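The values are calculated or read from the model by the stated rules, or taken from the named source; none is laboratory data. From a predicted model like this one, the values you see are computed outputs, not experimental measurements. Every residue, glycine among them, receives a Cβ derived from its backbone with ideal geometry; neighbour counts consider all protein chains shown. Remember, those area values only see protein heavy atoms, side chains included, never the ligands or the DNA or RNA. Shrake-Rupley method; radii C 1.70, N 1.55, O 1.52, S 1.80 Å.
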Amino acid sequence: MIARACRGLPIAIICTTRRKDDGTPVRIPLDPGISEKVIELKPLPREQLLALAVPFFGGPMPDMLATLLCETAGGNPFFAQEILAYWLEDGRYGSSSSSISISNTFMPPKNVNSLLISRLDRLDAKVKQTIVAAAVLGREFDLRVLALMLPDASVLEEHVRIGEAQCIWSQMTERRFQFSNALLRNAAYEMQSRARLQELHRLAAEAIESLYGDDLEDQLVALGRHWRRAGKVDHARRYFLAGARKAAARYAHEEATRLYRVYFKLSPEPTPESVVVRYEFARDVLEARGRYQEARQEHIRVLTDAQKLGDRASESLGFLGLGRTHWAMQQPDDARTYWEEGLRAAREAGNLPAEGLTLASLGMAYAVQGRYDAARTLYSRAIAVERQIGNRREEARLLAEFAKLHRLSGHLGEAEALQEQAAAIERELGAS
């Protein structure tokens, strides 16, 4: 998708992958004409691996340690650097003699994760507590949030300095830091029990809410994630929904889809809210992307969930959405049938917004058929409903559509008057 969107631009997209479980390489399907270059990263040769040790030791390593490093690291430079840090951070290495004996003291753990945990475990307990709290915030973290999570914020400056000295994290900006790598952050996170992690995520969510107050627009997803992992589903659902709506409003449809899906996962049983949210998802994301079959399935789910709840008002939304998707799929007879059923449901439930939208949809359908008198009646009713509920923007849109209908049927004077009414409302809204 990125390559297709950027086609013709002088840019390169760099991706890193591991091989699949069966040993075959990962390949990304690309459109014809887009060039691709695959670079296989081989294990680092012995001489280059040993060169990494020079800054740590101030010179060449003893032969026996060099052999142990190469055998254990397996040509992985990251693993090699972690082993070197493991040996040196608490003074394990104290001799430059090539005849040094290898004791258990120098034997590193067998995998990267164990090695990282071993490094963190040797730190002072309070420093480790700060590192774990930072890990809960993610690969990057804000010192202001972290300070609010700690029982004693006065130690933060010293702990940050220790973390930098131990190459655990590095400074990005005045207030933001980043863990040296994702594996180190993950190791710190996984050191804690589930109960302790729940408590830390609660502290993180409360800290973010306290710090940002009413300005949470850029924190919605983070808050949803923290409250979810803190076990507070109602809080998480609220923030994920707000994040989904924000993403949909800026046409970030992939992100919106992901966040809506998380919301639905946190709402296993239908509620009046979840039914309306599912309608929104189908309308604002799936229909907006032209994925009408998927949108149709979601609208069917809206209908069945609303019927399960006995919620006739939400049922009218399902019919409205099904009418729209069938119209988009060039099935006008089915679309009108759904809209007519939706109109009955909206009127029975007193759902004026759905009634207005359905009347307008039927008016449009009849206008396309050339049944102008019926279309005028429906548009007039729709406009009256929008005026009744005070939806000025929708009233302006319908007046403009009504003006087009009058032009099509040869009533140019009426069309001009309707268009002027629409423009006046738009001017009024723009000035407010």
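Here are the numbers for the structure shown:
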quantity: Coil-residue trypsin sites (Lys or Arg not before Pro) of the range 222-292, DSSP, other Cβ within 10 Å capped at 11; calculated: Arg250
quantity: Lysine-lysine proximity count for the chain, Cα under 23 Å, sequence distance 8 or more or distinct chains; calculated: 9
quantity: For the range 128-176, diffusion coefficient by Stokes-Einstein and Kirkwood Rh (Cα), 10 °C, 1.306 mPa s, µm²/s; calculated: 148
quantity: Between helix 220-229 and the chain: long-axis angle, C-alpha atoms, 0 to 90°, nearest 10; calculated: 60
quantity: Percent accessible area from carbon and sulfur atoms, the range 352-432, protein chains only, probe 1.4 Å; calculated: 53
quantity: Å² of accessible area per residue within the range 318-404, as computed with a 1.4 Å probe and no ligands counted; calculated: 44
quantity: The range 138-212: C-alpha gyration tensor shape, a/c 1.5 cut-off, then a/b vs b/c; calculated: oblate
quantity: GNM result for the chain, Cα springs below 10 Å: residue of Ser210, Ser118, Ser409 fluctuating most strongly; calculated: Ser409
quantity: Share of carbon and sulfur in the accessible heavy-atom surface of the range 112-222 [1.4 Å probe, %]; calculated: 46
quantity: Three-way shape label, the range 165-288, alpha-carbon gyration tensor, a/c 1.5; calculated: prolate
quantity: Residue-normalised accessible area of the range 149-236, expressed per residue, 1.4 Å probe, Å²; calculated: 55
quantity: Overall dimensions of the range 207-276 by Cα: Rg and Dmax, Å; calculated: 11.9, 34
quantity: Global geometry of the range 321-432, whether rounded, prolate or oblate, following the gyration tensor of its Cα atoms and the 1.5 cut on a/c; calculated: oblate
quantity: Förster radius 41 Å - calculated FRET efficiency between Arg258 and Asp124 (Cβ-Cβ, nearest 0.05); calculated: 0.55
quantity: Residue-averaged [θ]222 nm for the chain, counting only DSSP H segments that reach four residues, each worth -39500 (n - 2.57); calculated: -20500 deg cm²/dmol
quantity: Heavy-atom accessible surface of the range 1-54: percent carbon and sulfur, 1.4 Å; calculated: 59
quantity: Sequence of Met1, Met364, Met61 when ordered by accessible area, the most exposed leading, probe 1.4 angstrom; calculated: Met1, Met364, Met61
quantity: Of Arg119, Arg19, Arg301, the one that fluctuates the most in a GNM where the chain has Cα springs shorter than 10 Å; calculated: Arg19
quantity: Approximate spin-label separation Ala66-Gln178, in nm, with each point projected 7 Å along Cα-to-Cβ; calculated: 3.4
quantity: Backbone N within the range 211-241 under 17 Å of label point (7 Å from Arg194 Cα along the Cβ vector); calculated: 227-233
